[in-house]
Amino acid sequence: MSDEKISSKIWQEIPEPDNPFAASVCYCSGYDVYGELLRKASWVEYLYLLFQGERPTDVQARLLEKLAMVLANPGPRDHSVRAAMNGGVGGSTNAAILMAALAAGAGTLGGGREIVITMQYWARCGRNLKLWTQHLLQTPRQEKPENWPAIEHPPGFDPYGSSCAKPVLDTLAYLSDIYSSGALAWLNMNRTELEDAAGSPLALAGVVAAGFVDLEMEEEKSEMLYLLLRLPGAAIHALEQKQYGWRKYPFFSDGVELLDDPAAN
């Protein structure tokens, strides 16, 4: 038998005495998951513990819970949800549907990569309005070769919008009340000046990125969490369209013509 072990600060298991392939006790950052957390912790408290390695404060738990609600269903206008809907109505497997949603929602236009770039702006500019204005007036630059095309708009802002959408305003106002002394509150106070510098209204991605800053999360962890938390909406919209069928799907029904339709015979 090999003595090699997986190194992890996140997770520790003690095997069953009569079965080395099954765990008797599981610890997440030192907390007994099934003997303690299951009884005492909420879902978002456990989620924060997984990602951050420590239990959240009451404010952090509430902020993460509301962020999860905001992200749970981006709606059919979103690229990731539409990709999932296409897969659902086209008969793809559920795993393929979720992978399509992740792929379409991973980029620099409202996707996970935009969250990373926006948080990089926060790291450079902090709560300095002058620095933000300077950065937003410049064309976003890619400092090193990446897998992603360079972003073509000020990160965190909507390049196609004419005014800030009401859900964005409502979300920013409410989250700012939860955490009244952080990045969200500063963003709420300086939104109009930032929008003038960007030449575009604030987007939901910009609000969410500020929320992750207030949660003190690293960029890559924030990107991962952003992608994960948006999957419920993609999943349920895909299942709904799969049930309706392609004939009721406007993007397929007008573009498919069967020359020999068995249902017509």
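Give the peptides 9-15, 169-175, 208-214, 134-140 in descending order of average Cβ contacts within 10 Å, highest first. Intermediate results must be reported in sequence, preceding the final value.
Numbers: 9-15: 11.7, 169-175: 17.6, 208-214: 26.4, 134-140: 14.3.
The peptides rank, most packed first, as 208-214, 169-175, 134-140, 9-15.
Dipole orientation for the chain: of the candidates 165, 215, 41, 165 has the Cα lying most toward the positive pole (charges on Cβ; Lys, Arg +1; Asp, Glu -1). Just check segment 24-140 against the gyration tensor rule for me: Cα atoms, a ≥ b ≥ c as the square roots of the eigenvalues, rounded for a/c under 1.5, and otherwise prolate or oblate depending on whether a/b exceeds b/c. Verdict is oblate for segment 24-140.
Contact order, relative form, for segment 89-241: 35 percent (alpha carbon pairs under 8 Å, 6 or more residues apart, mean separation divided by residue count). Note on the chain: GNM, Cα springs under 10 Å; of 44, 25, 59, the largest mean-square fluctuation is that of 25.
Between residue 139 and residue 38, residue separation times 0.36 nm minus the direct Cα-Cα distance comes to 31.6 nm. Mean sequence separation of contacting Cα pairs (under 8 Å, at least six apart), scaled by the length of segment 8-159, corresponds to a relative contact order of 11 percent.
Could you work out the relative contact order of the chain? I mean the mean sequence separation of Cα pairs under 8 Å and 6+ apart, divided by the number of residues, in percent. Could you put the intermediate results ahead of the total?
Details: 334 pairs, mean separation 61.9, N = 265.
Value for the chain: 23 percent.
Annotation for segment 28-125: trypsin sites (Lys or Arg not before Pro) lying in DSSP loop with at most 16 further Cβ atoms inside 10 Å of their Cβ are 77.
Between residue 148 and residue 170, take the C-beta separation as r, use R0 = 30 Å, and let me know the FRET efficiency to the nearest 0.05. If you can, show how the numbers build up before the last one.
Numbers: r = 30 Å, r/R0 = 1.00.
Approximately 0.50, to the nearest 0.05.
Spatially, segment 1-59 and segment 160-213 are offset by 35 Å when compared through their Cα centroids.
Quick one: putting +1 on the C-beta of Lys and Arg, -1 on the C-beta of Asp and Glu, what dipole do you get for segment 104-240 around its Cα centre, in Debye to the nearest 20?
In debye, rounded to 20, segment 104-240 gives about 200.
Backbone amide hydrogens, once placed in the peptide plane, bring residue 25 within less than 5 Å of 14, excluding anything fewer than 5 places away on its chain. Pairs of Lys residues in the chain, spaced 8 or more positions apart or belonging to different chains, with C-alpha separations under 24 angstrom: 6 in total. In the elastic network of the chain, a GNM with C-alpha springs shorter than 10 Å, the most mobile of 219, 16, 152 is 16.
Per DSSP H run of n ≥ 4, the term is -39500 (n - 2.57); total these for the chain, divide by its residue number, and report the mean residue ellipticity at 222 nm rounded to 500 deg cm²/dmol. Each step should come with its number before you reach the end.
Numbers: 12 runs with 138 residues, N = 265.
Dividing the helical sum by the residues of the chain leaves -16000 deg cm²/dmol.
Listed values for segment 221-237 are Karplus-derived 3J(HN,Hα) couplings in whole Hz (6.51 cos²θ - 1.76 cosθ + 1.60, θ = phi - 60°), namely 5, 5, 4, 4, 5, 4, 5, 5, 6, 8, 6, x, x, 4, 5, 6, 5, and x replaces Gly and Pro.
Remark on residue 107: its backbone amide H falls under 5 Å from those of 112, 113, a criterion applied only to residues 5 or more positions apart or on other chains, H modelled at 1.01 Å from N. Under 5 Å between amide hydrogens, built in the peptide plane, is the criterion, and for residue 157 it picks out 203 among residues at least 5 positions away or on other chains. At q = 0.13, 0.14 Å⁻¹, what is the log10 ratio I(q)/I(0) for the chain, with the Debye formula run over Cα points and no solvent? For the requested q values the scattering log ratios are -0.95, -1.04. Here is the tail figure for segment 11-56: Cα pairs spaced more than 18 Å apart come to 31 percent of all pairs.
Note on the chain: with a GNM built from Cα contacts shorter than 10 Å, the maximum mean-square fluctuation among 94, 19, 188 falls on 19.
Read-outs throughout are calculated quantities, based only on the coordinates presented, and are distinct from any laboratory measurement. All values derive from a computational prediction rather than experimental measurement. With ideal geometry, Cβ positions are generated from the backbone for all residues, glycine too; neighbour counts draw on all protein chains shown.
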